[in-house]
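Some notes on the structure that comes next.
The values are calculated or read from the model by the stated rules, or taken from the named source; none is laboratory data. From a predicted model like this one, the values you see are computed outputs, not experimental measurements. Every residue, glycine as well, gets a Cβ built from its backbone with ideal geometry; the counts of neighbours run over all protein chains shown. What goes into the accessible areas is simple: the full protein's heavy atoms, side chains included, and nothing from ligands, DNA or RNA. Shrake-Rupley method; radii C 1.70, N 1.55, O 1.52, S 1.80 Å.
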Amino acid sequence: QFKGLTKKERRDRGDVRPAKPAAPGDDRAAPVWSGPLGSTAEEVWSNAASAAADAVTDGVWNASTVLLPTGAGDVEVGLRVVLAAARRLPAPFCAVVIVPGTLLPYAEQLYAARTDGELEFVRAGLGLQASRRIIGTFRKARNVGRTVILGTYEEIGAINIGHFQAQPHGRRDRIPIDLLVFEAAHILRAGGYHELYVDAGALDARRRVYVSSRSLTGRAPGALLAPGASLQAIPEADPVSKFGPEVFRLSHEDARARGLTVPVSLTTLRSTDAADVARELAGLHERLGVRSIQIVPNSPELAEAINANLSSLTGGGCRVRAASDGVGDPGVDAVVLCSRTPRVTPIATELARVARWSPGKTRGYVLAAFESRNHTLAALTAMAIADQGVEEAIRSAAVKNGMTGKRLTWDQLPVDMQRVVFEGDQWREEAELVTDRAVRSLADPWAAWYGRLLVWTKREGHGRIDRKALENGYELGEWVHKQRADWWAGRLSSWKVALLERVGVAEDLEVQVFAHGVAELRKWTHKHQQSHVPQRVVLDDGFALGDWVTYTKMQYANGKLSELRQQLIKDATWRPRVRTQVRYHTIFKHPEDPEAANVTHTIEDELKTTKGLPNKDRRQVFRKLVLAWHPDRSESEHAEAAIQFLGQTRDWYLNV
């Protein structure tokens, strides 16, 4: 099949393994879009698609990621990536595009219109007929033509089986797909079975492009939430090699400035009966201009029941949709949750339609029953997966809750959380309760403990918290001790380590206290121009410097102070710059030789500083000095003078 082709052509066809991602600092480092973002939607989509296609077709990278806020370019960017790659790569060419099921009708219509005459468009589907169609498409695409297969996340398994069955008999390895595009790729990292699709075993492709609203590398979307709360287990952090470089990034502010998206907020419904819900929706239509509403999960019967009342109340100006009604129209003004236990992923994918801008639309809404705890938690979780700002807002509310120790009032909520709960200033009790649910059930308890730590460190002025410390009745010291243990064992996330270091908490409390003691010893001795620190000295921040010095002396006497720490203390302690034969009043006789006198003065200093120790410890210090300066052991020429000096100070020092 590859006979007669050049190496570049063979690489483009997949016979040569794509190059691995470049190392940092390499000339082939991750490409970053350096051109303008674009002033219109069409320019933004074209620039994003060009950046992604350039990254995966130049032979260096086999994957790339485009970061767009949800609703800012779903379907459009993926389509342009496929068209750009098809024009650059030789035939035969086969691409597979995966979109959320909620966007499938719009994507199917758009691909059918835009690929006509340039690519053969095939809809994947489920069932026996769809399976035969997929197999036939892969077999045909293996030899001639340019083909694009469109499917949903639920259909990946069927596409994978069809791809496997379409391979020639006797061939052990499958011929890879030329290009695989994931729209709304952030749900791949939101937990659950979707995570399996990240691995090459799910669909074997030479090149992959991910269009996501969240960064896919490092910390997964939802990682700031409580582990397992309303979600499957959050995936571990992934390296950049799996998703390729982030070649294009559009912020929420840039997307809204270009008329691509609108902010999305949570609004609660106080009714559960269809007739009462219709009246509330009519009020939203009159007050907020809501015109189109999608039910999640899809329920045609419920939509019909609500519309029976809603149409008469709004004069046909507002309508609740079933999923089959949205062909050709990718946007809705709001989604309303109706299941007792709503699933998070369908809500997260539906947000792409809610956040999409349309004429006259200023905000999108997620409508959840106030009385249903599951509704509000599922809505907030889905919003957190799609938008990192919501995830950070929930974490900030949890930190503030830990600082106050009680349920937050509306005025105490962080500004970001107030933006998430729409009209909370008018329905304060509901907004406060919804936030409290998020803090208690969604937020990681670590955030609340960190809030208590912030209060403690601000009050005490340092982060040297011991194991017995309490804060508002909570055993904060025990919690910090556990964080230090996880930190030392490498189990603590890097972002948590950074937050602990920000408030002055170190991995090893004993090391932190010693370092602080040395620093304060240097300041105190140089300020008072003396090396002796009385035991009663307590600094303004509450640090008992005198007690610390006494404890350090005891460690030295017991041989538990390392040479490095001895040197650090010696360097930190103030000493006169010029030594004279007699520097201060002394009752002992020193040698006339200046160098020998310098040695005996040093010995006298050490004896005076340790004179207050218990008799047992003083004996150990004296014995250590005798052994250190004994002529049989010491190589110093002043050893004999030192031993003679120790002899005349023995009775005074040991109180004999």
- prompt: Would it be correct to say that SER265 is among the polar types (S, T, N, Q) and in contact with a Gly (Cβ under 9 Å, 6 or more places away or on another chain)?
  reply: yes
message: Looking at the structure I just gave you, is GLN165 open to solvent by 50 Å² or more (accessible area, probe 1.4 Å), touching a residue at least 12 places away in the same chain (Cβ under 8 Å) and within 37 Å of the chain's Cα centre (by Cα)?
response: no
field: Members of the range 434-458 that are in contact with a strand residue (DSSP E or B) (Cβ under 9 Å, 6 or more places away or on another chain) and open to solvent by 20 Å² or more (accessible area, probe 1.4 Å)
entry: ASP444, TRP449, ARG452, VAL455, TRP456
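Give the number of residues within the range 375-389 that are open to solvent by 10 Å² or more (accessible area, probe 1.4 Å) and without any contact (Cβ under 8 Å) to a residue 40 or more places away in the chain. Even if it seems obvious, please write down each step before you answer.
The initial filter retains those residues of the range 375-389 that are open to solvent by 10 Å² or more (accessible area, probe 1.4 Å), namely 375, 387-389.
Filter once more, so that each one left must be without any contact (Cβ under 8 Å) to a residue 40 or more places away in the chain: 375.
Selection size over the range 375-389: 1.
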- prompt: Which of the residues belonging to the range 488-545 are in contact with a Gly (Cβ under 8 Å, 6 or more places away or on another chain), among the polar types (S, T, N, Q) and either over 24 Å from VAL455 (Cβ atoms) or open to solvent by 50 Å² or more (accessible area, probe 1.4 Å) (or both)?
  reply: GLN535
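Scan the range 474-501 for residues that are part of a loop (DSSP other than H, G, I, E, B) and in contact (Cβ under 8 Å) with a residue 12 or more places away in the chain and report the count.
From the range 474-501, those part of a loop (DSSP other than H, G, I, E, B) are 475, 490-493; that's our starting set.
Narrowing the set further to residues that are in contact (Cβ under 8 Å) with a residue 12 or more places away in the chain leaves 493.
Residues in the range 474-501 being part of a loop (DSSP other than H, G, I, E, B) and in contact (Cβ under 8 Å) with a residue 12 or more places away in the chain: 1 in total.
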- line: Output for Cβ contacts, cut-off 7 Å, separation at least six or different chains, first residue assigned to a loop (DSSP other than H, G, I, E, B) in the range 513-536, second of a type in the set (Lys, Arg), reads SER531/ARG575
query: Given the residues VAL277, VAL335, VAL366, VAL290, which is the only one that is touching a residue at least 12 places away in the same chain (Cβ under 8 Å), in a loop (DSSP other than H, G, I, E, B) and surrounded by 20 or more Cβ atoms within 10 Å (Cβ to Cβ)?
result: VAL290
- request: Filter the range 401-427 down to residues that are over 26 Å from VAL344 (Cα atoms) and of a type in the set (D, E, K, R) and give me whichever is modelled with the lowest pLDDT.
  value: ASP425
Residue under evaluation GLY402, criteria (1) open to solvent by 20 Å² or more (accessible area, probe 1.4 Å); (2) under 22 Å from ARG502 (Cβ atoms), criterion not met: (1)
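Specify which of the listed residues (ARG10, ARG17) is farther than 30 Å from GLN294 by Cβ, in a helix (DSSP H, G or I), open to solvent by 40 Å² or more (accessible area, probe 1.4 Å) and modelled with pLDDT under 85. Step through it out loud before you land on a result.
On the way: ARG17 fails: in a helix (DSSP H, G or I).
Within the list ARG10, ARG17, the selection yields ARG10.
If you go through the range 351-361 one residue at a time, do you hit one that is farther than 23 Å from PHE422 by Cβ, under 36 Å from the mean Cα position of the chain (by Cα) and open to solvent by less than 10 Å² (accessible area, probe 1.4 Å)?
Of the range 351-361, the ones farther than 23 Å from PHE422 by Cβ are none.
Scanning the range 351-361, I find no residue that is farther than 23 Å from PHE422 by Cβ, under 36 Å from the mean Cα position of the chain (by Cα) and open to solvent by less than 10 Å² (accessible area, probe 1.4 Å), so the answer is no.
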- request: Determine if the range 460-467 includes at least one residue that is outside any loop (DSSP other than H, G, I, E, B) and touching a residue at least 60 places away in the same chain (Cβ under 8 Å).
  value: yes
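Condition check: open to solvent by less than 20 Å² (accessible area, probe 1.4 Å), touching a residue at least 24 places away in the same chain (Cβ under 8 Å), farther than 21 Å from ALA368 by Cα and assigned to a helix (DSSP H, G or I). Does ALA397 satisfy that?
no
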message: Being part of a loop (DSSP other than H, G, I, E, B), open to solvent by 10 Å² or more (accessible area, probe 1.4 Å) and either within 22 Å of VAL332 (Cβ to Cβ) or without any contact (Cβ under 8 Å) to a residue 40 or more places away in the chain (or both) is the filter here; which residues of the range 69-118 pass it?
response: THR70, ASP74, ASP116, GLY117, GLU118
